[in-house]
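Rule-based calculations on the coordinates, nothing more; no lab input. In this text, all values refer to a predicted model and were calculated from it rather than measured experimentally. A quick note on method: Cβ atoms are made from the backbone with ideal geometry, for glycine too, and the neighbour counts reach across all protein chains shown.
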Amino acid sequence: MNGKYYLFNITWPRGGMRTVVIHRADKITGPWEGRIGFQDLGVAQGGLIDTPTGDGLLICFATSVG
């Protein structure tokens, strides 16, 4: 997306919520910067997609309890 590379990582800190950390870089070799994308009990991995029309989409897997 916009000439950048993205990497999604999922962590689940002990006693915490699942956390998606998104890393971004201008080159595949880095340097990479990371930020927390979101936290939730049911969040899992996901990714970004560039569409042929130039739109960006975020796809994320999640579970729902209830």
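Some observations on this one:
- In region 47-66, the residues that are of a type in the set (Gly, Ala, Ser) and closer than 15 Å to TRP12 by Cα: ALA62
- Search result, residues across region 31-66 that are of a type in the set (Asp, Glu) and surrounded by fewer than 10 Cβ atoms within 10 Å (Cβ to Cβ): ASP55
- Of the strands (runs of 3 or more DSSP E) lying entirely inside region 10-66, those carrying at least 3 residues that are in contact with an Asp or Glu (Cβ under 7 Å, 6 or more places away or on another chain) are 18-25.
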